Amino acid sequence: MSFFDIFQECCGKSGLPPDITQKPPMPAPPTNHFIGHVPRPLRHGDVVVIKGTVAEEPEKFSINLCCDHHYPPRDIAYHSKTIFGDDDHVVTNQKVGNEWQEQSEPHSNPFQPGSDFTVTIHLNEDGIVTYEGHSNYLHECQHSHDVADVKTVQVWHDVQRVRELTFRFAD
């Protein structure tokens, strides 16, 4: 009996002992995936500015303040997803312990395919307030995580490029 025969008899064709199950593979990050690391813990009063260019034929893109360094993150303090198509809109959400929370009501979509954008995120004591540019109010949400837990800013999907990520610290 060869080693291979003994191995298959013991472990089966999968190569794993019978009492070990394989976990499904982790999803791959979106093709257009930007990760910027937060240089120090964020605090209330800090501002995050993201500048980029929307893809020419977008379906969606999202901006995320993640409490993890990896993809997919288990915890997202702020998730803003812009949907393009017949029903253009923006929704926000948060992810706690790998569970999405209740999604916001849809907001109007100020972004255009192929255009440059600036998103300004204010981390206030009362919650997170987001602007298109620096003064055009988009939406706000309550905190689900301590802002100091945010480790990365991640931009997913149909963004041609992220040109700038700026942190304006309150102190």
Point to revise | Within segment 52-85, considering residues that are of a type in the set (D, E, K, R) and closer than 16 Å to D158 by Cβ, the one surrounded by the most Cβ atoms within 10 Å (Cβ to Cβ) | key: K81
Check your understanding: Residues in segment 56-67: is at least one modelled with pLDDT of 95 or more, in a loop (DSSP other than H, G, I, E, B) and within 30 Å of D171 (Cβ to Cβ)?
Key -> yes
Check your understanding: Picking from V162, V129, V153, which residue would you name as being within 24 Å of N98 (Cα to Cα), in contact (Cβ under 8 Å) with a residue 24 or more places away in the chain and either touching a Cys at 6+ places or on another chain (Cβ under 7 Å) or not small (G, A, S) (or both)?
Key -> V153
Exercise for review: Could you grab the pairs with beta carbons closer than 8 Å, sequence gap of 6+ or different chains, first residue in segment 92-116 and without any contact (Cβ under 8 Å) to a residue 40 or more places away in the chain and within 9 Å of T82 (Cα to Cα), second one hydrophobic (A, V, I, L, M, F, W, C) and assigned to a loop (DSSP other than H, G, I, E, B)?
Suggested key: N109/F84
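The values are calculated or read from the model by the stated rules, or taken from the named source; none is laboratory data. Quick caveat: nothing in here was measured; it's all calculated off a predicted structure. Here the Cβ is made from the backbone with ideal geometry for all residues, glycine too, and neighbour counts use every protein chain on show.
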